[in-house]
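Here the structure comes first, spelled out in structure tokens, and everything after it is commentary.
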Protein chains: 4
Amino acid sequence: MTTVGVGMVGHAFMGRAHSQAWRNVGPFFGPPLSPVMAVLAGRSAERAGAAARALGWAAVETDWKELLRRDDVDLVDICTPGDSHAEIAVAALDAGKHVLCEKPLANTVAEAAAMADAAERARARGVRAMVGFNYRRVPAIALARRLVADGRLGAVRQVRAQYLQDWLADADAPYTWRMDRDRAGSGALGDIGAHIIDTVQHVTGQRITGVSSLLGTFVPERPRPGGGTGRVTVDDAALFIGRTDGGALASFEATRVAAGRKNALRVEVNGSDGSLAFDLESLNELWFHDRAEDAETAGFRRILVTEPVHPYAGKWWPPGHLLGYEHTFTHQAADLLTAIAEGGDPSPSFADGLQVQRVLAAVQAGAESGAWTDVEGSA
Amino acid sequence: MTTVGVGMVGHAFMGRAHSQAWRNVGPFFGPPLSPVMAVLAGRSAERAGAAARALGWAAVETDWKELLRRDDVDLVDICTPGDSHAEIAVAALDAGKHVLCEKPLANTVAEAAAMADAAERARARGVRAMVGFNYRRVPAIALARRLVADGRLGAVRQVRAQYLQDWLADADAPYTWRMDRDRAGSGALGDIGAHIIDTVQHVTGQRITGVSSLLGTFVPERPRPGGGTGRVTVDDAALFIGRTDGGALASFEATRVAAGRKNALRVEVNGSDGSLAFDLESLNELWFHDRAEDAETAGFRRILVTEPVHPYAGKWWPPGHLLGYEHTFTHQAADLLTAIAEGGDPSPSFADGLQVQRVLAAVQAGAESGAWTDVEGSA
Amino acid sequence: MTTVGVGMVGHAFMGRAHSQAWRNVGPFFGPPLSPVMAVLAGRSAERAGAAARALGWAAVETDWKELLRRDDVDLVDICTPGDSHAEIAVAALDAGKHVLCEKPLANTVAEAAAMADAAERARARGVRAMVGFNYRRVPAIALARRLVADGRLGAVRQVRAQYLQDWLADADAPYTWRMDRDRAGSGALGDIGAHIIDTVQHVTGQRITGVSSLLGTFVPERPRPGGGTGRVTVDDAALFIGRTDGGALASFEATRVAAGRKNALRVEVNGSDGSLAFDLESLNELWFHDRAEDAETAGFRRILVTEPVHPYAGKWWPPGHLLGYEHTFTHQAADLLTAIAEGGDPSPSFADGLQVQRVLAAVQAGAESGAWTDVEGSA
Amino acid sequence: MTTVGVGMVGHAFMGRAHSQAWRNVGPFFGPPLSPVMAVLAGRSAERAGAAARALGWAAVETDWKELLRRDDVDLVDICTPGDSHAEIAVAALDAGKHVLCEKPLANTVAEAAAMADAAERARARGVRAMVGFNYRRVPAIALARRLVADGRLGAVRQVRAQYLQDWLADADAPYTWRMDRDRAGSGALGDIGAHIIDTVQHVTGQRITGVSSLLGTFVPERPRPGGGTGRVTVDDAALFIGRTDGGALASFEATRVAAGRKNALRVEVNGSDGSLAFDLESLNELWFHDRAEDAETAGFRRILVTEPVHPYAGKWWPPGHLLGYEHTFTHQAADLLTAIAEGGDPSPSFADGLQVQRVLAAVQAGAESGAWTDVEGSA
């Protein structure tokens, strides 16, 4: 079987998750190309070496640029913070390496646009690029998209999406670079708001065209680990309402201060013929209401999305045996490897990532102006 | 025991609910004043007579103005559509009758302001006025307010409120006066949006000061029962985000086209020290998270709000024996009778109703302008 | 309209619930016979008088036997403890009064048999008798029965039923007559186990024919309110498994020491073609799974049993407006009044009550012998 | 780092799950011994070879006995059907190989006893044996055991456990060896009933001492894939009630015909001071009620068992990121490797497996006799 050599940049949370995907995609999905965990790049030789041993990477580099020169690297997997995405991705694509880049695609629209351009150039040469909105590959979310696409909901009328976390609910949670707008771009908005924007657009097949928005920072200063305090220059919470190009109304909320909610990405879709509801804290379940049901026995159904007929699920275990968070990365790897092997366009593309970035920019601008703000390029 | 003679105007849905309250408040709450179901007013003598017999009213009038002249009527209970509230309420208060008026207080801010003025005048003479935001008296909502007031949530940071129904999801649902802006004032916004505005303000003890909003009409024409179609001039759905005078961010959504949701008034509150969640479709439950809990056993608790220590619940049945929708009206009657007997100010007042009307007006104006809109009087 | 004079014996918890039914059945169900709350009987003139005033009864008697002599009493409603049921019911029936008797029908099979005989005799003279298994009239339970009867579940194979309460979980909860076998007959078994036996048999349309059982008493002594302790001679919990005459296997559990469960009457039915699940702590919901659904969207549906097409629900409020515990008594009253007016046999009959008593006796006997025990009369 | 060579026998469902564990235990748990996936044994060279390639095993054997002779095998992992467990396990232990054996330990008490003896002999030589009741390592179940052991529930009074599946609900599901008592030992009882017996005993720390039981077969004949029908000689469902050595009462139900339930292993524990509830279909959640809570805010808490303080969870992802079914096997591997490295006794032991087998035998015997049956060895 032909193989694809993978070089991964970064080895924190996302690096561990991606490693898990490359390690397990073979046994479960038997992809047409077999990934080889060739090289791990990290700035510290010591820490990168330890990570490589723990996670199963064959070699280590301390400069990501070396990956572009290595023959055993066909694909660069970018798991670094957002401010380095553009430089690495553009260079890798221009060097003829396929790229998988974590979300959000970049910290600014300009960077994202440059990356989308590079992806378009690379595509002409058979080089593939994908942005890591992994939640598209939660089986329940993939099923939701399928049901909408199959017309089971009729015309989509309303969507409400929330991503609620609480790791900043405590005012004593320490100051980190994530609270610094210069480095992080934004707060909850870009970090988790990007996920619900992508999820809603993916499930409905529609694009957000304009928004009204509000950003809030409830804890303006936080203690620095070493002493003193840091000023928080990003949002703790982002709320916005908007319209889609399909005529739907949508509301969004991303927050990192919702006490008691750990990872509650929730999406509800109401259509003319039915409705859907999902919560990532119960990720194996999709709730579906079919308006055609008899009133006597109509109701939202709790679908346990573990059947062979469900997206991805049949590759794993028998019905009723649950999947977890990390499986989404394995699904992502499987689909990317298939796209590379078959010469297809992996999805979500860098263009998709750019469009999400434009929505984020509109939300940020709208919060500052107080006015309705069109999303760039959606006219 | 002293009694209060009640004259009720209107005998449709709300008239039935209010009758149930007057009939049952005595046995369960033993209020200091005992209500006498004296007169029912309705335009058709025949239909009003049938209703009076069915619901247990002693007499019938076909002109509500007669109620103001009758000595056996101490309290006028207004259960008519919103466009007649102002005239009846102002006249009744000026005639020295206590008034209970269904929500929303009126169809316009001007009417509501006139009513609040009349209530203020009447108050000086010991005459009481109350607007019927009955959901304040769901035990779980009353408990939510108590927990916030007791500081169990710390500083309120975020609120999300939705009122989802689906009786207009079907594009073939017939045209009625409720789709005519001239008669109904607005659509989902005033009908059920008013409820979530009041509920959020009541639970948090904070007022909405400004909003960004969107209104949508998904079914622009509906069949008239007699043939032909009617143009829908009100909203099917209203979305808005706003700020409160306590520094919280809040999102709201009212819709009558959310397929599969029958009566889902949902409120979530996140504070610095804890969170609450409620859904009217499970109205005996309040979910509470206390951030002070040990991580090992922390989680949202499903409080079954049926304990003697809970608001209103102890007057009914033993723990675990559920209450329903109609009990809220009985609680409302009990509190109003107590206020009248004790010379207190019943809550929600007409001034509260006016303030809700001003929020509704800001939402309507903001949806038209696309700009952030301050709520009148909240500066 | 013709009326039925009601004389109620007892005015504690059940007396309040039954009063609520007689007071409200008219407005909502418009029964063919209108109940008149004529007389309340209680041993203490003072307490009975106060109860009559609070609950709306026109007169008071201190000896229930007087009810049998009064012309304004057509129906005797027995809300006393179980050890007095037989004497009152037999006398009332023999006096030509219709009887509604609270459950369990009696404390012993012998008493219950005498009552069933009296009911049979009375029936020949057009006099009606009904035992108050009110939970049959929870709309969701009535719907469950309908779905089974309509064949929506196919052949019933398995049933599991639990009635979990916790008011005796605290070892310091005081000793009362309910812990004395001589007076109460049994503990959780007769008190709440009777309800799940009736509910399961009603929903499935099948009868329990034999059982294996276990009874347990976890708190053998309890403090007496006046000082000292009382020995608990009844069960805190009863577990049994059994067979039905329809070939199903069933498990049952009744307990008053399940910490945190307030009133959790839970029933699940699995048939060859579908399944049902119900919990009285969410009494407006019925969960239904139809095995014929496509695997892609199959799942248990949460039916909100508040639609016009659902049993009883259409008489109350619009869809999504919940009912509570007490409504079951109103439904019971409506059905009894209809049966009396139409000369039908109200259900559950005293014969049904006797059969439940025989199951209770088999459970008690089986717990003592450790052996499988047939239910009397089910051969 | 020292390594442990693993030789696995069998490569069906359990073989895939165990392979996943050996592949991933290193990166996440960094165990003191590193597993090497050395050899896979399967009767067909072709199928075993394909499985080894897919699952990542280095070599293949067609006779499991070869594993005992290989120096690169330190641990034999038995993933075959139950009727071969005894022979393989005893031989492996006697050959000085550590053994991990899938559950149930064997098909008969005699086999299980021989295995427990062999484990005891091997233990004296530092050779370890473990039986694969993997659900003990669901974080929520491990947390449940911890809370009971910490006294958070007080004295355990009642337990109810169910394992509900539906893959045999369809009467047309084909006949396989699993319906043949000679080969499978029993039906739902041994297959999934064994899991709830072990789980209840593990969580409560108590042993079942006696039972009353019922077995049922609802579909007595099933179509054979090649034509004709096969007679089902095992149970579709097993129900039993019993006592524990700690004075608790418990009910159990295992079924493969509960329409709509895919993998619902449900356990509830009620103690004098609190309660727990769990459902494998929501495996990241544990519900906990603490009786010491104030009545105002008391309720069952939904604990999302993904915090660093929770068993196993901290090794994986941040809070709120769910785990799945397969993780239990990784936890099992980690604990076994640690026990081997540290010379400890892995749990559950073969003696534990034997005791479960004795409970299964008592259930089977009791179902035949109809009488209460003591569990062997529990006097």
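Annotations for the structure displayed:
- The residue of segment A:81-108 that is farthest from residue A:332 (Cα to Cα), among those that are open to solvent by less than 30 Å² (accessible area, probe 1.4 Å) and β-branched (Val, Ile, Thr), is A:88.
- Residue in segment D:316-328 that is charged (D, E, K, R), over 30 Å from residue D:234 (Cβ atoms) and at pLDDT 95 or above present: no
- Inside segment B:15-34, residues that are in contact with a Phe, Trp or Tyr (Cβ under 9 Å, 6 or more places away or on another chain) and open to solvent by 20 Å² or more (accessible area, probe 1.4 Å) make up a count of 2.
- Exactly one residue out of B:247, B:216 is without any contact (Cβ under 8 Å) to a residue 24 or more places away in the chain and over 21 Å from the mean Cα position of the chain (by Cα): that is B:216.
- Residues that are under 17 Å from residue B:168 (Cβ atoms) and open to solvent by 10 Å² or more (accessible area, probe 1.4 Å), drawn from segment B:220-235: B:220, B:221, B:223, B:224, B:225, B:229, B:231, B:232, B:233
- If you go through segment A:282-292 and keep only what is away from chain D (no Cβ under 14 Å) and either in a loop (DSSP other than H, G, I, E, B) or modelled with pLDDT under 95 (or both), you end up with A:291, A:292.
- Selection count where residues are closer than 20 Å to residue C:56 by Cα and either open to solvent by less than 20 Å² (accessible area, probe 1.4 Å) or in a helix (DSSP H, G or I) (or both), scope segment B:40-62: 5
- Taken as a whole, the structure places residue D:265 among residues that are touching a Ser or Thr at 6+ places or on another chain (Cβ under 9 Å) and more than 7 Å from every other protein chain (Cβ to nearest Cβ).
- Pair list, Cβ < 7 Å and 6+ apart or interchain, from segment B:173-198 residues that are part of a loop (DSSP other than H, G, I, E, B) to residues that are open to solvent by 30 Å² or more (accessible area, probe 1.4 Å) and among the aromatic types (Phe, Trp, Tyr): B:173/B:167
- Inter-residue pairs, beta-carbon under 7 Å, first β-branched (Val, Ile, Thr) and in segment A:278-305, second open to solvent by 10 Å² or more (accessible area, probe 1.4 Å) and in a strand (DSSP E or B), 6+ apart: A:297/C:301; A:303/A:285; A:305/A:285
- Count of segment A:286-315 residues which are open to solvent by less than 20 Å² (accessible area, probe 1.4 Å) and within 30 Å of residue B:157 (Cα to Cα): 1
- Residue in segment A:263-276 that is surrounded by the most Cβ atoms within 10 Å (Cβ to Cβ), counting only those that are among the polar types (S, T, N, Q) and in a strand (DSSP E or B): A:270
- Among the residues of segment D:338-379, the one identified as within 14 Å of chain C (Cβ to nearest Cβ) and aromatic (Phe, Trp, Tyr) is D:372.
- Test set (1) modelled with pLDDT of 95 or more; (2) closer than 24 Å to residue C:326 by Cα; (3) more than 14 Å from chain B (Cβ to nearest Cβ) - residue C:55 fails condition number: (3)
- Per the conditions (1) of a type in the set (A, V, I, L, M); (2) in contact (Cβ under 8 Å) with a residue 40 or more places away in the chain; (3) more than 14 Å from chain C (Cβ to nearest Cβ), the sole criterion not satisfied by residue B:241 is (2).
- Residue in segment B:200-209 that is open to solvent by 10 Å² or more (accessible area, probe 1.4 Å), more than 30 Å from residue B:271 (Cβ to Cβ) and assigned to a strand (DSSP E or B) present: no
- Selection status of residue D:4, farther than 30 Å from residue A:14 by Cβ, away from chain A (no Cβ under 14 Å) and under 20 Å from the mean Cα position of the chain (by Cα): no
- Matching entry among B:265, B:215 (being farther than 23 Å from residue A:299 by Cβ and hydrophobic (A, V, I, L, M, F, W, C)): B:215
- Across segment D:316-336, the qualifying residues are those that are closer than 23 Å to residue D:276 by Cβ and assigned to a helix (DSSP H, G or I), and the one among them that is nearest to the other protein chains (Cβ to nearest Cβ) is D:327.
- Here residue C:12 passes the criteria (1) open to solvent by less than 50 Å² (accessible area, probe 1.4 Å); (2) farther than 30 Å from residue B:52 by Cβ; (3) within 14 Å of chain B (Cβ to nearest Cβ); (4) among the aliphatic types (A, V, I, L, M) except the one numbered (1).
- Pairs with Cβ under 6 Å, 6+ apart, first in segment A:103-116 and more than 8 Å from residue A:86 (Cβ to Cβ), second surrounded by 21 or more Cβ atoms within 10 Å (Cβ to Cβ) and among the aromatic types (Phe, Trp, Tyr): A:103/A:133; A:116/A:350
- Selection of segment D:293-308 for residues being within 13 Å of chain A (Cβ to nearest Cβ) and assigned to a loop (DSSP other than H, G, I, E, B) yields D:305, D:306, D:307, D:308.
- Condition met for residue C:279 (out of contact with any helix residue (DSSP H, G or I) (no Cβ under 7 Å at 6 or more places or on another chain), open to solvent by 10 Å² or more (accessible area, probe 1.4 Å) and within 13 Å of chain B (Cβ to nearest Cβ)): yes
- Which listed residue, of D:21, D:52, is without any contact (Cβ under 8 Å) to a residue 60 or more places away in the chain and either under 24 Å from residue D:111 (Cα atoms) or not β-branched (Val, Ile, Thr) (or both): D:52
- Residues satisfying the stated conditions in segment D:244-262, i.e. surrounded by fewer than 24 Cβ atoms within 10 Å (Cβ to Cβ), touching a helix residue (DSSP H, G or I) at 6+ places or on another chain (Cβ under 8 Å) and more than 13 Å from chain A (Cβ to nearest Cβ): D:244, D:246, D:248
- Test: residue C:112 is of a type in the set (Gly, Ala, Ser) and either over 21 Å from the mean Cα position of the chain (by Cα) or open to solvent by less than 10 Å² (accessible area, probe 1.4 Å) (or both): yes
- In this entry, residue D:222 is excluded by the filter for residues that are more than 10 Å from every other protein chain (Cβ to nearest Cβ) and in contact with an Asp or Glu (Cβ under 7 Å, 6 or more places away or on another chain).
- Test result for residue B:215, of a type in the set (A, V, I, L, M, F, W, C), farther than 21 Å from residue B:111 by Cα, open to solvent by less than 20 Å² (accessible area, probe 1.4 Å) and within 11 Å of chain A (Cβ to nearest Cβ): no
The values are calculated or read from the model by the stated rules, or taken from the named source; none is laboratory data. This structure is a prediction, so every number in the text was calculated from the model and none was measured. Note: ideal-geometry Cβ built from the backbone for every residue, glycine included; neighbour counts use all protein chains shown. For the accessible areas, the whole protein counts, side chains as well, though only heavy atoms, and no ligand, DNA or RNA atoms are used. Shrake-Rupley method; radii C 1.70, N 1.55, O 1.52, S 1.80 Å.
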